[in-house]
Amino acid sequence: MLSPIRLVSEAADLAAQRHNGMARKGRGNEPYVNHLAEVANLLAIATDGTDAELVAAGWLHDTIEDTDTTRKELAQKFSERVASLVAECTDDMSLPKAERRRLQVLEAPKKSSGAKLIKIADKISNIGARIQTDPSAEEREDLADYVAWATQVVAGCRGGNTWLDERFDDAVKAAKALL
C-alpha cells in the first residue's frame, strides 16, 4: 500500500496524464486537470487531509468515464476503496445525457459516504466553472439548468460533511445571483 502522500501524488499524476489535452466546459479552454485538482482540494479541505484515499479518488473520479482507465487498473495501482469510489462516481456514457442525469438523481442517496462527498465537490466545481462575468443568455440558461439538476443530485448526498454542504450552497447562491 502506498503512503498517503504518495497515493495522492500518484493519483494526481495519473489523472493529469490520462486527461492531458482535454479542456473543461466553461472557463474558456481551461485544462480539464484543473477541475480534478479543484475536486481533490475541496475533499482535502473538507476532511482536513485525513482521508488520502478519498482525495486520490477525487483526482481520479472521471478517469473511467473519460479515458480508457479501468476499475481493475485503479484497484491494482491504488486500492480497492479508491477504485470503488471512482466506479461509484462513473456515469454510463453509452446512455443519453438526460438518462445519465436522471440516474444520478435517483442513485445519489444510495451511494457510499465517500462517493457522496465526491459528488458534492464535483458539483461545486462545475457550478463555479459555469459562472461567468456578464454571461450571455445561453450561458445563463446552461447555468440555470445545471444548478437545478445539481441541486437535485446533491439533495441525495447531503449530511456527510457540513463544510461541503455549505460550499455547495454558496456556489448555488453565487450562480443564482447571475440568473
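The values are calculated or read from the model by the stated rules, or taken from the named source; none is laboratory data. These figures come from a predicted structure and were not determined experimentally. Here the Cβ positions follow ideal geometry from the backbone for every residue, glycine too, while neighbour counts run over all protein chains shown.
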* Asked: ILE45: in a helix (DSSP H, G or I), of a type outside the set (Asp, Glu) and surrounded by fewer than 18 Cβ atoms within 10 Å (Cβ to Cβ), yes or no?
  -> yes
* Select from the range 91-108 the residues that are farther than 22 Å from ARG81 by Cα and outside any helix (DSSP H, G or I) and list them in ascending order. => MET93, SER94, LEU95, PRO96
* **Count of residues meeting criterion [assigned to a helix (DSSP H, G or I), surrounded by fewer than 19 Cβ atoms within 10 Å (Cβ to Cβ) and acidic (Asp, Glu)] in the range 1-38** => 2
* In this structure, is GLU53 among the acidic types (Asp, Glu), closer than 24 Å to ILE131 by Cα and either in a helix (DSSP H, G or I) or under 14 Å from the mean Cα position of the chain (by Cα) (or both)? -> no
* Asked: Regarding GLY28, is this residue out of contact with any helix residue (DSSP H, G or I) (no Cβ under 9 Å at 6 or more places or on another chain), of a type outside the set (D, E, K, R) and either closer than 22 Å to ILE5 by Cα or modelled with pLDDT under 95 (or both)?
  -> yes
* Within the range 92-105, work out how many residues are loosely packed, with under 12 Cβ neighbours inside 10 Å and either more than 18 Å from ILE64 (Cβ to Cβ) or of a type in the set (Asp, Glu) (or both). => 3
* Structure fact -> Of the candidates ASN20, ASN34, the one satisfying the condition of being free of Cβ contacts under 8 Å to residues at least 40 places away in the same chain and farther than 18 Å from VAL86 by Cα is ASN20
* Asked: Which one of these does VAL86 not meet: (1) assigned to a loop (DSSP other than H, G, I, E, B); (2) under 14 Å from the mean Cα position of the chain (by Cα)?
  -> (1)
* **Pick from the range 109-126, criterion over 11 Å from the mean Cα position of the chain (by Cα) and assigned to a helix (DSSP H, G or I), ranking: surrounded by the most Cβ atoms within 10 Å (Cβ to Cβ)** => GLY114
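So that you can scan it fast, the table gives a plain yes or no per residue for (1) out of contact with any helix residue (DSSP H, G or I) (no Cβ under 6 Å at 6 or more places or on another chain); (2) closer than 29 Å to MET1 by Cβ; (3) surrounded by fewer than 21 Cβ atoms within 10 Å (Cβ to Cβ); (4) modelled with pLDDT under 95:
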{"residue": "LYS72", "(1), (2), (3), (4)": "yes, yes, yes, no"}
{"residue": "SER84", "(1), (2), (3), (4)": "yes, yes, yes, no"}
{"residue": "ASP134", "(1), (2), (3), (4)": "yes, no, yes, yes"}
{"residue": "ALA144", "(1), (2), (3), (4)": "yes, no, yes, no"}
{"residue": "ALA155", "(1), (2), (3), (4)": "yes, no, yes, no"}
{"residue": "LEU164", "(1), (2), (3), (4)": "no, yes, no, no"}
* Identify all residues within the range 52-70 that are under 22 Å from ASN126 (Cβ atoms) and either surrounded by fewer than 16 Cβ atoms within 10 Å (Cβ to Cβ) or of a type in the set (D, E, K, R) (or both); write none if there are none. => ASP62, GLU65, ASP66
